[in-house]
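S.K.: Next up is a structure, given as structure tokens.
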Amino acid sequence: MKRILVTGGAGFIGSHLCERLLKEGNEVICLDNYFTGTKANILHLRDYPYFEMVRHDITHPFFAEVDQIYNMACPASPVHYQYNPIKTIKTSVMGAVNMLGLAKRMKARILQASTSEVYGDPTVHPQPESYWGNVNPIGLRSCYDEGKRCAETLFMDYHNSNQVDIKIIRIFNTYGPNMNPNDGRVVSNFIVQALQGKDITIYGDGMQTRSFQYVDDLVEGTVRMMNTSDDFTGPVNIGNPHEFTMLELAQNILDLTGSSSKLVHQPLPQDDPKQRRPDISLAKEKLNGWEPKVHLREGLTKTIAYFDEILAGPDPYAH
Ligand code: NAD
Ligand code: UDP
């Protein structure tokens with residue numbers, strides 16, 4: 001049994017990770033400021049005697065005796081991370097410094113949830129880890145993209161200068177149950193719109209692409225990465241290499257919900273990447289043959305069932 005800290009544990013991905021780690025018999029401390037997460041995502045875990053919830057903001061130092069740290073805290077949807085861009089970059093940069101300081105003091109292993117956004121609007125396709133990216137440093141997405149890039153730099157520098165035991169994963173678009181219905185990301189938007197019979201909002205011509213990963217596949221890759229040998233720090237891409245246009249995604253969601261919502265086009269946001277697909281060769285090699293198992297329609301079916309239930313009850317994000 002390990003004592004594991006999960007920052008952002010009440011969020012979409014963090015809540016699945018907490019559950020997985022508890023099921024494996026670990027003690028889990030879930031730390032969250034509930035900006036985009038909700039206690040509703042983790043309430044069902046209260047029955048595990050070795051589960052603790054702590055309200056805390058990672059821009060402030062935090063101390064606990066832990067063996068491992070998964071640093072997942074950061075708003076991930078463009079709508080939320082652009083709401084207060086200065087806070088977003090503080091979360092990535094000051095949060096990384098605080099969590100790396102904790103890891104150094106405790107001699108704990110620490111994993112950073114980085115992102116495919118470090119590749120920006122990529123000119124290399126698919127994206128291998130060796131690609132340095134094409135990021136606008138002064139645009140609307142910069143608070144997130146550059147914050148995550150700086151966090152990667154901090155992780156490598158703490159590793160090289162202070163021998164902190166680090167792991168970096170670059171997560172590609174991930175979806176599944178426990179997403180916030182008002183999150184603003186494409187999968188949640190399209191499903192909620194389809195279920196409510198509202199227009200499906202396609203930004204731009206809908207020909208931009210993304211590669212969508214179901215959350216269970218991500219959690220499997222993340223836990224495997226945390227438990228790789230000391231000499232492998234990453235960064236490693238964790239994503240599903242099947243690529244879809246936003247129009248194809250919308251069509252799949254219309255089919256699966258049986259909705260008659262209409263597609264409407266709205267302006268494409270600034271610096272919206274045109275294409276994105278992970279090269280997962282390194283993950284397969286280093287993570288014991290890991291690769292995503294859940295096909296888009298199978299994952300969407302489970303996610304639609306979740307949103308159907310959430311929309312029928314009281315809003316878990318209301319307070
Ligand atoms: P999310 O918004 O659902 O979860 C983030 C959690 O972090 C929330 O519970 C939020 O309240 C918490 N949080 C935010 N700022 C905090 C702070 N300063 N202190 C403490 N807690 C804070 O997002 P998610 O999709 O679960 O993303 C989790 C992590 O994975 C993020 O770091 C994100 O950048 C990364 N990621 C996600 C995706 C994706 O497609 N979901 C893709 C790439 C990277
Ligand atoms: N998008 C869209 N309609 C929406 C929300 C998003 O067409 O209602 C598009 C968005 O412009 C982008 C893609 O879907 O091209 C993925 O957007 P998301 O915010 O989910 O993730 P990211 O852009 O960060 O990959």
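The values are calculated or read from the model by the stated rules, or taken from the named source; none is laboratory data. Since we're looking at a predicted model, the values are computed, not measured. Every residue, glycine as well, gets a Cβ built from its backbone with ideal geometry; the counts of neighbours run over all protein chains shown. We work out accessible area using only protein heavy atoms, side chains counted, and drop any ligands, DNA or RNA first. Shrake-Rupley method; radii C 1.70, N 1.55, O 1.52, S 1.80 Å.
S.K.: Okay, which of region 139-183 sit inside 18 Å, backbone N to the point 7 Å along the Cα-Cβ direction of THR59?
M.R.: Output list for this probe position: 141-151.
S.K.: So how much slack lies between LYS104 and LYS198, counting 0.36 nm per residue of separation and subtracting their Cα-Cα distance, in nm? Walk me through the intermediate numbers first.
M.R.: On the way: separation 94, 0.36 × 94 = 33.84 nm, distance 4.99 nm.
That pair, LYS104 and LYS198, stretches by 28.9 nm at full extension.
S.K.: Another question about this same structure. Treat each spin label as a single point 7 Å out from the Cα along the C-beta direction, and report the VAL79 to ARG297 distance in nm.
M.R.: Using points 7 Å along Cα→Cβ, the separation is 2.8 nm.
S.K.: Moving on to the next point. Could you grab the relative contact order for the chain? Cα pairs under 8 Å, six or more apart, rounded to a whole percent.
M.R.: 18 percent
S.K.: On to the next question. Over all directions, average the projected area of the Cα convex hull of region 161-216 and note it in nm². Present the calculation step by step, with values, prior to reporting the outcome.
M.R.: Values: hull surface 25.9 nm².
One quarter of the hull surface, i.e. the mean projection, equals 6.5 nm².
S.K.: Just from its helices, what would the mean residue ellipticity at 222 nm be for the chain, if runs of 4 or more DSSP H residues each count -39500 (n - 2.57) and the sum is divided by every residue, rounded to the nearest 500 deg cm²/dmol? Before the final figure, lay out the partial values.
M.R.: On the way: 9 runs with 116 residues, N = 319.
Only helices count here, giving -11500 deg cm²/dmol.
S.K.: Post the alpha-carbon centroid distance, region 73-112 to region 166-180, in whole angstrom.
M.R.: Between the Cα centre of region 73-112 and that of region 166-180, the gap is 14 Å.
S.K.: Give me the lysines in straight-line cross-link reach of LYS198: C-alpha distance below 22 Å, same-chain residues under 8 apart excluded.
M.R.: In chain and number order, the partners are LYS262, LYS302.
S.K.: In whole percent, and with a 1.4 Å probe on the protein chains, what portion of the accessible area of the chain is carbon and sulfur?
M.R.: Details: 7090 of 13880 Å².
Taking all protein chains in place, the chain shows 51 percent carbon and sulfur surface.
S.K.: Right, another one. Given R₀ = 25 Å, FRET efficiency for GLN251-HIS125 by Cβ-Cβ distance, to 0.05? Before the final figure, lay out each step's value.
M.R.: On the way: r = 23 Å, r/R0 = 0.91.
Computed FRET efficiency for GLN251 and HIS125: 0.65.
S.K.: Let me ask another. Using the Cα atoms of region 1-154, I'd like the radius of gyration and the largest Cα-Cα distance, Dmax, both in angstrom.
M.R.: 15.8, 49
S.K.: Right, here's the next one. I'd like the accessible area for ASP230: 1.4 Å probe, protein heavy atoms, all chains in place, Å² to the nearest 10.
M.R.: 110 Å²
S.K.: Using every alpha carbon pair in region 154-249, what percent of pairs falls into each 5 Å bin from 0 up to the bin containing the largest distance?
M.R.: Percent of Cα pairs in each bin: 2, 12, 17, 17, 15, 11, 10, 8, 5, 2, 1.
S.K.: Using the basic label-point model (7 angstrom from Cα toward the beta carbon), what is the ASN182 to GLU285 distance in nanometres?
M.R.: Label-label distance for ASN182 and GLU285, simple model: 4.6 nm.
S.K.: Here's another thing I want to ask about it. For the residue pair SER260 and ALA305, what label-to-label distance in nm results when each label sits 7 Å from Cα along the Cα-to-beta-carbon direction?
M.R.: Roughly 2.7 nm, to one decimal.
S.K.: Can you list which of the chymotrypsin sites (Phe, Trp or Tyr not before Pro) found in region 184-277 are DSSP loop residues with at most 16 other C-beta atoms within 10 Å? Don't skip to the end; give the middle numbers.
M.R.: On the way: sites: PHE190, TYR203, PHE212, TYR214, PHE232, PHE244; in loops: PHE212, PHE232.
In loop regions of region 184-277 (DSSP not H, G, I, E or B), the sparsely surrounded chymotrypsin sites (Phe, Trp or Tyr not before Pro) are PHE232.
S.K.: Do any trypsin sites (Lys or Arg not before Pro) in region 74-128 lie in a DSSP loop with no more than 16 other beta carbon atoms within 10 Å, and if so, which? Can you show the working numbers first?
M.R.: Numbers: sites: LYS87, LYS90, LYS104, ARG105, LYS107, ARG109; in loops: LYS107.
Answer in residue order: LYS107.
S.K.: In whole Å and largest first, what semi-axes does the C-alpha gyration tensor of region 1-76 yield when each eigenvalue is scaled by 5 and square-rooted? Walk me through the intermediate numbers first.
M.R.: On the way: eigenvalues 59, 42, 20 Å².
Each semi-axis is the square root of five times an eigenvalue, giving 17, 15, 10 Å.
S.K.: Using only protein heavy atoms and a 1.4 Å probe, report how much of SER260 is accessible, in Å² to the nearest 10.
M.R.: 110 Å²
S.K.: Let a ≥ b ≥ c be the square roots of the eigenvalues of the Cα gyration tensor of region 189-297; is it rounded (a/c under 1.5), or, if not, prolate (a/b larger than b/c) or oblate? Write down the numbers at each step before the final one.
M.R.: Values: a/c = 3.18, a/b = 2.07, b/c = 1.53.
Prolate, since a/c reaches 1.5 and a/b exceeds b/c.
S.K.: Using each residue's phi in region 278-286, evaluate 6.51 cos²θ - 1.76 cosθ + 1.60 at θ = phi - 60° and report the 3J(HN,Hα) Karplus result to the nearest Hz, with x for Gly and Pro.
M.R.: Karplus-based 3J(HN,Hα) across region 278-286 equals x, 8, 10, 4, 5, 4, 4, 5, 8 Hz.
S.K.: Extension gain PHE232-ASN134, at 0.36 nm per residue separation less the Cα-Cα distance, in nm?
M.R.: Values: separation 98, 0.36 × 98 = 35.28 nm, distance 2.53 nm.
Working it through step by step, the gained length comes to 32.7 nm.
S.K.: State in Å² the accessible area per residue of the chain; use a 1.4 Å probe, count heavy atoms of protein chains only, and round to the nearest integer.
M.R.: Values: 13880 Å² over 319 residues.
Accessible surface, normalised per residue, equals 43 Å².
S.K.: Which ³J(HN,Hα) values, rounded to whole Hz and listed in residue order, are derived for region 5-18 from phi using the Karplus coefficients 6.51, -1.76 and 1.60 in 6.51 cos²θ - 1.76 cosθ + 1.60 with θ = phi - 60°, glycine and proline given as x?
M.R.: With coefficients 6.51, -1.76 and 1.60, one gets 9, 10, 7, x, x, 8, x, 4, 6, x, 5, 5, 5, 4 Hz.
S.K.: Residues of region 260-275 with the amide nitrogen closer than 12 Å to a label point 7 Å from the Cα of GLU243, along Cα-to-Cβ, please.
M.R.: Residues 274-275 fall inside that zone.
S.K.: Quick one: Debye curve from the alpha-carbon atoms of the chain only, equal weights, vacuum; give me log10 I(q)/I(0) at q = 0.09, 0.11, 0.14, 0.15 Å⁻¹ to two decimals.
M.R.: -0.43, -0.65, -1.10, -1.29
S.K.: Over 21 Å between Cα atoms, which of LYS104/LYS167; LYS87/LYS274; LYS87/LYS148; LYS2/LYS167 qualify?
M.R.: Values: LYS104/LYS167 14 Å; LYS87/LYS274 27 Å; LYS87/LYS148 13 Å; LYS2/LYS167 17 Å.
Listed pairs above 21 Å: LYS87/LYS274.
S.K.: Could you derive backbone 3J(HN,Hα) for region 288-300 from the dihedral phi with the Karplus parameters 6.51, -1.76 and 1.60 (θ = phi - 60°), listing whole Hz in sequence and x where the residue is Gly or Pro?
M.R.: 6, x, 4, 7, x, 10, 8, 6, 3, 5, 5, x, 5
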